[in-house]
Amino acid sequence: MTQTDKTLNQEEMPFLASLLKEKQQRQTSFHMPGHKGTLAPHPMLLEYWGGDVQPADLVEIIGIIDYLHAPKDKLLEAQKLAAQSHEVDQTFFLINGSTVGNITSIMGTAFDGEKVIMPRASHRSVYGGVVLSGAIPVYVPPDYHPQVGFPLATDTQVVARLFQEHQIRAIHVTSPNYYGYLSDVQQLAEMAHAHGAMMLVDEAHGSHLAFHEALPHSATQLGADVIVQSTHKTQGALTQCSMLHLNHGRVNAARIAQILGLLQTSSPSSILLASLDAARQFMATQGRALLEDVYQLSVMAREAIRQIDGLWCYGEDLLGSHGVFNYDPTKLVIRVSDTGWNGFEFYQLLRKEYGIDGEFSDLKHVICSLTIGDTELSVMKLLNALKSISEKPSGKPVSDYEVPPPSTLPEMALSPREAYFIPSKPVRLDTAIGQICADNIIPYPPGIPLLVPGEVINQDTVDYLRFIMRMGGGVVGPEDKSLETIRVIT
């Protein structure tokens, strides 16, 4: 853990202050960007933005504004403040989202041919890291929770077995996952370190956890080596703003910086970087008080939802099985299927008739996130809408998936990297059985890769895929989104 630096003051926003100073000087520009801070934006942009932000679109020039890929001054100080506030040894600001953080965490710790344990239900950016690094994935098979229908956590016993069967370089888990449930990161980290491996955590949905004691511990506090957080998801920074945290000792920080320089834009947005600096200051100085309100609202909302006929809101009732170690109470996982509406229908009713956007939905649930941007007024609006929809005439209760997901993972004939960079061709889906897939096939719901490049296409996979499409789900990854065709290795 980082040592307290008495020269750092969490009240300050050093990078943002340097930008404001430069903006106020109003220099005459003969450099990028082309609008030069003086060209009037289109009126529609002004209406959308609520004002002119172009004068704030500053770039690093002749060393006046600190540069993301070689920070020496105010941006470096801002990142040190972020590391201190999150109790880690080093923090990198990310302006390409947690996607670039997950890719970097894999590329920065595993080399070509080395093995990485990862849940099959990992974010697609983790698969991107596997392709770019050449690492070989060792999957934790999806353990579909019988009540939710999605893998909610990574079982430590399964991971222990994989460590016995393979020479592992790192383990990468998502915790909390999209539904707000957490794995036992501390035990997994201890297990990884005992085997000489590194612990990598996609904590995109948990950037707020370390700022209130009623919430589960953040992976930053549990011995993880690399932690990636989406500051924009739960702290209030602008979209794309994330952080990558390091605890020193096992990870090569210089290699992490080198890879980020390769993957992130060489023209970083000062607006996004300033948003990260401000979000850190806000959470470090006011986060606990704000999260106390959020926590109390979540307790109230969960109890209220459980009193509405036909609805249920999960929480502590799912702990202790299928690898589930803890849960984030600010994530409301609302089962709506007993009302007769499926999750997709219920979600659309919230949006179209009540002006409410949920986080996402699946066949049986609507998931809503409470953050520091919520108030009692917004939560009451949600509760009133939930009650109203639950009372509307609807069909019979929604059953579970008629076609279950395949019980085993497809055979890996080639590594993802090998399959990604060799020739392929499209063939009709019904003729693809037995061939090697060249597409990523990730159906939503449930968001678990059904096929990864290099895997053999089988009948069970095709049947489940067709069911997902028939019930209204979409698919991410393939060239042909209709899935009339699929790319296979030639």
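Since every read-out is calculated from the coordinates, none of them should be taken as a lab result. Not measured: the values here are computed from a predicted model. Glycine also receives a Cβ, built like all others from the backbone with ideal geometry; neighbour counts cover every protein chain displayed.
Taking θ as phi - 60°, what are the ³J(HN,Hα) couplings along segment 348-356 by the Karplus curve (6.51, -1.76, 1.60), each to the nearest whole Hz, with x for Gly and Pro?
5, 5, 4, 6, 7, 9, 10, x, 10
Could you give me the ³J(HN,Hα) list for segment 339-345, computed from phi with Karplus coefficients 6.51, -1.76, 1.60 and θ = phi - 60°, whole Hz, x at Gly and Pro?
7, x, 8, 7, x, 5, 5
For GLY340, which sequence-distant residues (separation of 5 or more, or a different chain) have an amide H within less than 5 Å of its own amide H, given hydrogens modelled in the peptide plane?
Here VAL398 satisfy the definition.
Run the dipole for the chain about the Cα centre, Lys and Arg Cβ at +1, Asp and Glu Cβ at -1, nothing else charged, and hand back the magnitude in debye, nearest 20.
Dipole of the chain, to the nearest 20 debye: 720 debye.
Expressed in nm², what is the orientationally averaged projection area of the convex hull enclosing the Cα positions of segment 288-390?
Over every viewing direction, the Cα hull of segment 288-390 projects on average to 6.5 nm².
Take the alpha-carbon centre of segment 106-159, take the same for segment 220-257, and report the distance between them in whole Å.
Using only Cα atoms to place each centre, the spacing works out to 18 Å.
Are there GluC sites (Glu not before Pro) in segment 391-490 that DSSP marks as loop and that have at most 16 other Cβ atoms within 10 Å, and which are they? Mind showing how you got there, number by number?
Details: sites: GLU391, GLU402, GLU411, GLU418, GLU455, GLU479, GLU484; in loops: GLU391, GLU402, GLU411, GLU479, GLU484.
Qualifying residues, ordered by number: GLU391, GLU402, GLU411, GLU479, GLU484.
Give the Rg/Rh ratio for segment 188-280, taking Rg as the radius of gyration of the Cα atoms and Rh as the Kirkwood radius, to two decimals. All intermediate terms of the calculation are to be shown ahead of the outcome.
Values: Rg = 14.4 Å, Rh = 14.4 Å.
Rg/Rh for segment 188-280 comes to 1.00.
Quick one, which of (1) 57, 56, 47; (2) 64, 54, 48; (3) 83, 45, 43 is the actual Cα extents along the principal axes in Å calculated for this model?
Read-out taken from this structure: (2).
Once the mean 1/r over all distinct Cα pairs of segment 14-284 is inverted, what Kirkwood radius in angstroms do you read off?
After inverting the mean inverse Cα-Cα distance, the result is 19.6 Å.
Output ³J(HN,Hα) for segment 257-273: one whole-Hz value per residue in order, computed from phi by the Karplus curve 6.51 cos²θ - 1.76 cosθ + 1.60 with θ = phi - 60°, and x for Gly and Pro.
Residue by residue, segment 257-273 yields 4, 5, 5, 4, x, 6, 9, 8, 4, 7, 10, x, 7, 5, 5, 5, 5 Hz.
Given H placed 1.01 Å from N in the peptide plane, which residues other than close sequence neighbours of LEU94 have an amide H under 5 Å from its amide H?
Sorted by chain and number, the residues that satisfy this are SER242, MET243, LEU244.
Give the Kirkwood hydrodynamic radius (Å, one decimal) of segment 98-176, defined as one over the mean of 1/r across all pairs of different Cα atoms.
Radius from the Kirkwood sum: 12.8 Å.
Can you order the peptides 458-467, 376-385, 192-201 by their average number of other Cβ atoms within 10 Å per residue, highest first? Write out the running numbers ahead of the final one.
Details: 458-467: 16.7, 376-385: 14.7, 192-201: 20.9.
Ranking, from highest mean packing down: 192-201, 458-467, 376-385.
What is the log10 of I(q)/I(0) for segment 41-94, computed with the Debye formula using one identical point scatterer on each Cα and no solvent, at q = 0.14, 0.18, 0.25, 0.29 Å⁻¹?
Taken in order of the listed q values, log10 I(q)/I(0) reads -0.57, -0.72, -0.88, -1.04.
Based on the mean of other Cβ atoms within 10 Å per residue, sort peptides 114-120, 290-296 so the most packed one is first.
By packing density, highest mean first, the sequence is 114-120, 290-296.
Quick one: compute a quarter of the convex hull surface over the Cα atoms of segment 416-489 and quote it in nm². Provide the component values of the computation, followed by the final result.
Values: hull surface 16.7 nm².
For segment 416-489, the mean projected area of the Cα convex hull comes to 4.2 nm².
For the chain, what is the mean residue ellipticity at 222 nm derived from helices alone (per DSSP H run of n ≥ 4: -39500 (n - 2.57); sum divided by total residues; nearest 500 deg cm²/dmol)?
My calculation for the chain gives -10500 deg cm²/dmol from helical runs alone.
Considering only the chain, what is the antiparallel percent among its DSSP beta bridges, to the nearest 5?
Details: 32 of 48 bridges.
Among the beta bridges of the chain, antiparallel pairing accounts for roughly 65 percent.
Report the normalised scattering of segment 5-146 as log10 I(q)/I(0) at q = 0.10, 0.11 Å⁻¹, calculated by the Debye formula with identical scatterers on the alpha carbons.
Values returned for q = 0.10, 0.11 Å⁻¹ are -0.58, -0.68.
Check VAL88: other-chain or 5+ apart residues with amide H under 5 Å from its amide H, H built from backbone geometry?
THR2
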